[in-house]
Amino acid sequence: MAKNGKGMKSRKKLFIFSGIGVIIIALVLIVLLGSKRENVVTVQTEKAQRKSITQIVTASGKIQPETKVKINAEVSGEIIELPVKEGQPVRRGELLVRIKPDQYQAGVDRSEAVLASAKAGLALNSANLEKSKSEFKRAEELFQKKLMSDQEFIAAKTSYQVAKSQYESAKAGVAQAQASLKDSKESLAKTSVYSPMIGIVSQLISELGERVSGSSFMQGTEIMTVADLAMMEARVDIGENDVVLISIGDTARIQVDAYPDRKLKGIVSEIANTAKTKGLGSQDEVTNFEVRIRVLDKDVSLRPGMSMSADIETETRLNVLAVPIQSVTTRTPKMKEGAKTDSAAKDQKDAAAVDTKGSSMMMQEKPIEVVFVVENGKVKQVSVKRGISDETTVEIMDGISESVEIVSGSYKAINRELEDGVSVKVDNSQKRMGMVKKEGAN
């Protein structure tokens, strides 16, 4: 009985170990078979086709008048007359502001008196000069006839030269007094400011009775701004990478926030030569160039400072081969099989490390732009050369031909999952559903 009990226990252990062995073998087989199963990626596709592409640079900015003049005080004083209001149309030469002229009128009167005195002095010196000149001629005749001593002749000559110098000094004094009078009159004239152009008072800063300051050496108090609102422009800041694409005369579509249902036509009229840099020296440093776009639509009431955005059409190409913009991605070129063994690559890397001339034999290859072409259930990685692009499509200048089936989605598949030779399953139903939703929204 004891022997039978031991035999049953042995058989039970054998069954248990056998079962465990079968399970382990089954798991190993599952892992091996699963690893050999080919991974299939679901993608969406579109065909490469010919179309026209317009390259667009988008930027935002403000609406401003093409021509505006800031009216600043050129003399100091109290505003005693302000006949215009903000928003009022003005004509060229119309009075805008008058500053109290009393002290400047007094300056003119003082300068006129000084000028009169200088002219009287000039007349006196002119008479003295004529007298000295006559006496010198008489002394010269007597001296030639030996009827006058040398000392008397020299005295007559000196007296004539002194009278001549006094006359020249008086003459210069008159000129100085005239210049001073002219300056005083100009200062008096600056107390009345007239409109330099036809336009509208777009901004009125100062009020009647306010004191303003001004001088000929520095900018005076700003009183108002006169602008020609008939000619408006959009001013936008363009990044340094995009400004090189823009040219004078490029067409633009302007969207003003105040008119969301309408796009205005515009044309690039000016491109700045000097950059505007923000955050200089910091990580947030931005370099922009101001671009001005003349608004061609005249039937819209625009005001200075309105917010806007513009799509500038920099270039248009007709009948070019194009694919969806998301279809173009980048990949790092792979080394061909058999080109180099691991040990050979290591040897080259070591040799490059000790190369004293700095010429590396193992240069890291740069990523290339590629698309994935679907052929017989698999994708083929094709290197392409891209051209201009718009919001949805990009021009393909070289690499593929018309009507080939290009992977256009998903983003994850194109940018991460797909490699040359990967099996794919084409499912364009999601794309069609997206188009239906978009059409419904419109």
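The values are calculated or read from the model by the stated rules, or taken from the named source; none is laboratory data. Not measured: the values here are computed from a predicted model. Note: ideal-geometry Cβ built from the backbone for every residue, glycine included; neighbour counts use all protein chains shown.
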Can you tell me which residues in region 372-409 are polar (S, T, N, Q) and out of contact with any strand residue (DSSP E or B) (no Cβ under 7 Å at 6 or more places or on another chain)?
-> Asn376, Ser401
Do we find a residue being closer than 21 Å to Ser206 by Cβ and in contact with a Pro (Cβ under 9 Å, 6 or more places away or on another chain) anywhere in region 81-88?
-> no
Residues being farther than 17 Å from Val57 by Cβ and not in a loop (DSSP other than H, G, I, E, B) - total across region 277-301 = 3
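For (1) touching a residue at least 12 places away in the same chain (Cβ under 8 Å); (2) surrounded by 13 or more Cβ atoms within 10 Å (Cβ to Cβ); (3) acidic (Asp, Glu), each residue gets a yes or a no:
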position: Val226; (1), (2), (3): yes, yes, no
position: Met232; (1), (2), (3): yes, yes, no
position: Arg235; (1), (2), (3): yes, yes, no
position: Asp242; (1), (2), (3): yes, yes, yes
position: Ser247; (1), (2), (3): yes, no, no
position: Asp250; (1), (2), (3): yes, yes, yes
position: Ile254; (1), (2), (3): yes, yes, no
position: Ala258; (1), (2), (3): yes, yes, no
position: Asp261; (1), (2), (3): no, no, yes
When you scan region 375-413, how many residues do you find that are assigned to a strand (DSSP E or B) and under 21 Å from Val320 (Cα atoms)?
-> 17
Picking from Lys68, Lys51, the residue that is among the charged types (D, E, K, R) and in contact with a Pro (Cβ under 9 Å, 6 or more places away or on another chain) would be Lys68
Quick check, is Pro304 closer than 30 Å to Phe372 by Cβ, in contact (Cβ under 8 Å) with a residue 12 or more places away in the chain and in a loop (DSSP other than H, G, I, E, B)?
-> no
Neighbours by Cβ (under 6 Å, 6+ apart or cross-chain): first from region 204-215, closer than 16 Å to Ser76 by Cβ; second hydroxyl-bearing (Ser, Thr, Tyr) | Val212/Thr221; Ser213/Ser76; Ser213/Thr221; Gly214/Ser76
If you scan region 266-276, which residues turn out to be within 18 Å of Pro65 (Cβ to Cβ) and not in a loop (DSSP other than H, G, I, E, B)?
-> Gly266, Ile267, Val268, Ser269, Glu270
Condition check for Ser202: in contact with a helix residue (DSSP H, G or I) (Cβ under 6 Å, 6 or more places away or on another chain) and hydroxyl-bearing (Ser, Thr, Tyr) | no
Within region 68-91, is there a residue that is in contact with a Gly (Cβ under 9 Å, 6 or more places away or on another chain), hydroxyl-bearing (Ser, Thr, Tyr) and part of a helix (DSSP H, G or I)?
-> no
Selection from region 79-97 of residues that are charged (D, E, K, R) and surrounded by 13 or more Cβ atoms within 10 Å (Cβ to Cβ) | Glu81, Glu94
Can you tell me which residues in region 46-78 are more than 30 Å from the chain's Cα centre (by Cα) and under 17 Å from Gln203 (Cα atoms)?
-> Ala73
Flag if Ala59 is assigned to a helix (DSSP H, G or I), touching a residue at least 24 places away in the same chain (Cβ under 8 Å) and either buried (at least 18 other Cβ atoms within 10 Å of the Cβ) or not β-branched (Val, Ile, Thr) (or both) | no
Quick one: would you say Ser159 is surrounded by 13 or more Cβ atoms within 10 Å (Cβ to Cβ), closer than 30 Å to Arg98 by Cβ and out of contact with any strand residue (DSSP E or B) (no Cβ under 7 Å at 6 or more places or on another chain)?
-> no
Which one is nearest to the chain's Cα centre (by Cα) among residues in region 176-208 that are of a type in the set (Ser, Thr, Tyr) and buried (at least 17 other Cβ atoms within 10 Å of the Cβ)?
-> Ser202
Strands (runs of 3 or more DSSP E) wholly inside region 150-265 that include at least 2 residues being under 30 Å from Arg110 (Cβ atoms), of a type outside the set (Asp, Glu) and at pLDDT 95 or above = 192-194
Looking across region 143-174 at residues that are among the β-branched types (Val, Ile, Thr) and more than 60 Å from the chain's Cα centre (by Cα), the single one that is farthest from Ser117 (Cα to Cα) is Ile154
Considering only residues of region 379-416 that are surrounded by 15 or more Cβ atoms within 10 Å (Cβ to Cβ) and more than 30 Å from Leu245 (Cα to Cα), which is nearest to the chain's Cα centre (by Cα)?
-> Ser410
